[in-house]
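Structure, as C-alpha cells:
The values are calculated or read from the model by the stated rules, or taken from the named source; none is laboratory data. The structure presented is a predicted model; accordingly, all values stated were derived computationally and were not measured. Cβ placement follows ideal geometry from the backbone for every residue including glycine, while neighbour counts extend to all protein chains displayed.
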C-alpha cells in the first residue's frame, strides 16, 4: 500500500550520503535512528509516484516565476509566499517547478504536496515528520541534529504538530553552526486545502508564519499554494501583512494566462499531430483560438482536453470536434453564463465561467463511450461509473485497479474496462499493481456535486461511504482473511522487526490492509451508528483480536487506540 513506510525504503533514500567520507558506520547509525521516524513517501515533489507530473513549459508563467524567485532570493522580510487560485489554474505545476529549481540549487529544505485521499499525504499526521526526514536528507549539517532529536524523544511522532515542529524542525535549524548553515532555504507546501482537517490547516499556517521569528540564523522561505478556502484565508488574516506576500492566480491578467494556455495547447497538440500523422499546423490557428477561449484560463481543462483527444487514436479529429461542440453547448445553455451581462465585471465572469468549462469537459469524457452502447448497456455503464469512480474519489488511500475490484467485490475486468474509458480524467498506470489516482482533485468536487454532474454520475457521499464500510467488513470477515497467526509464524514471541515485508504483503494484500486501516473512517462518514447484532458488532465479536494482530503487523498498533475510541463514540450515539 502507498501508506506503508519501511526502514528499508528510507535507507535507500539516504544511500547517496554513504561513502562520502570515512564515517560510513556513523551514517548507517543515523539512518537507523531516522528510519524510526514515520514519514509520507509520496510527499516530496520528486517522489516516484509524482515522476510523471508536469513542470511549467518554457516561456510560460515567466513573470510569476520571476517574482517568486526574486522573493525567495532577495531580502524581503515576508517569509511566506501564498499562491492561491481556483481549481485547475496550475498551482501545483508552479509549485513543482519552483521546488525543482531550488532542489537543483541544493537550497530546497523540503516539500510536501497534499492530496486528499492520497493516504499519508491526505492529512497532517506525517506533515512535520516528513519535512524533518527531507531536511536530514537535503541539508547534511542537519542529519545528526535531527537524528539526535528523534533519539531524544522516541515518541515525538505521536505528539502535537507544534511539539513536532519545535523539536524536529526549528530546534535542529536553530542549532546549526555558521559553517554548516545555508544562506537560505525554501520550503514548498502545495495544496494545503487538500488536508482533510480544517483545524490542522489552521495550525500549519500558524506554524509556518512563526518560522521567521523563531529562526535567527537561517532564512526560511515558504511557498504555499492552495485554493482560497476559509481556514487558510482566516489563518492569513491573523498575520501582519509584513509576514506574507499573496498572489491570486485567477486575478492575473487574462491575456497573460491565455498566452500560457496557448503555449501549453500548441505543445501537446503538436505531439498528437505527429503521433497520428496530421499536418504540422494541425488543428489550425482558428481552432487553436477557440480552444484557448474554451479553456477560460484553466490549465486542467486544456490538459484534460488534450488527453481526451489523444486517446481518440485515429479519430482524434472527431474527439476535437466533440470538445468544441460540447463546450459551445455549455456557453449557450448554462444559466450561469454571465458573458452577456454588461453590468458584470471581468472578475465575476472569470469566477463563474471556469466551473462551467470543467463541467463541460468532464461530461464530454464521461459521455463519450455511451454513444456506442445500447439502452441496457448504458444503464450498466452508469452503474459501473458510479461504483468505480465513487470508490476512487472517497478512498482514503489509493488502490490499484485489481485491489479496488477485490474490495468492491466486482469482477476485475469490469473495473479495468471502466477505467480504460476514463484515462483522460483518471491516471491508470500500466503496472496493474500501482494505484489508480485522479488527474486532478477538481474531478472529485465535480462528482460530489449533483447540480454539476447530474443524477447519472452523481456520487452520494454517505451511501458510498456506507458501501465501502460494508465491503471492508466483508473483506476482513471472509474465510482466509483475518485470522490468528496470519503470517504462519508458529511462534508468538517473534518481533515485528524480524518479519520481512514480503511475508506481510503476501498474507496482507493491499486491499486487506486498506480495509483494516480505514473501515472505521468509512463507517463514521456514512452517518451510521453501531447497533447490537449488526455487521460491525458481529465483526468485532469474531475478529477483534485478529484485526489487532493485522494492525500490529502493519505497524499501526497506535492507530488502533484512536480507532477503538471512535467506535465507542459511534456506539454511544446509538444508545441516546
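Details
- Helices (runs of 4 or more DSSP H) completely within the stretch 1-118 that count 2 or more residues being more than 14 Å from the chain's Cα centre (by Cα), assigned by TED's automatic domain parsing to the domain that holds residue 201 and at pLDDT 95 or above: 62-73, 91-104
- Residues within the stretch 478-500 that are loosely packed, with under 10 Cβ neighbours inside 10 Å, over 20 Å from residue 564 (Cβ atoms) and at pLDDT 90 or above, tallied: 1
- Being touching a residue at least 12 places away in the same chain (Cβ under 8 Å), in a strand (DSSP E or B) and either farther than 29 Å from residue 119 by Cα or under 28 Å from the mean Cα position of the chain (by Cα) (or both) is a property that does not hold for residue 212.
- For first residues located in the stretch 301-318 and touching a residue at least 12 places away in the same chain (Cβ under 8 Å) and at positive phi, partners that are buried (at least 18 other Cβ atoms within 10 Å of the Cβ) and assigned to a helix (DSSP H, G or I) and lie 6+ apart or on another chain with Cβ distances below 9 Å form the pairs 313/319.
Yes or no, residue by residue, for (1) exposed (fewer than 13 other Cβ atoms within 10 Å of the Cβ); (2) touching a helix residue (DSSP H, G or I) at 6+ places or on another chain (Cβ under 8 Å):
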{"site": "502", "(1), (2)": "yes, no"}
{"site": "516", "(1), (2)": "no, yes"}
{"site": "541", "(1), (2)": "yes, no"}
{"site": "571", "(1), (2)": "no, no"}
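- Residue in the stretch 220-269 that is surrounded by the most Cβ atoms within 10 Å (Cβ to Cβ), counting only those that are part of a loop (DSSP other than H, G, I, E, B) and at pLDDT 90 or above: 227
- Considering 524, 549, 555, 531, the condition of being under 29 Å from residue 38 (Cβ atoms) and assigned to a loop (DSSP other than H, G, I, E, B) is satisfied by 555 alone.
- Of the residues in the stretch 458-471, at least one is in contact with a helix residue (DSSP H, G or I) (Cβ under 6 Å, 6 or more places away or on another chain), over 19 Å from residue 517 (Cβ atoms) and not in a helix (DSSP H, G or I).
- Selection of the stretch 517-554 for residues being on the phi > 0 side of the Ramachandran plot and free of Cβ contacts under 8 Å to residues at least 60 places away in the same chain yields only 533.
- Considering 438, 408, 394, the condition of being over 17 Å from the mean Cα position of the chain (by Cα) and touching a residue at least 24 places away in the same chain (Cβ under 8 Å) is satisfied by 408 alone.
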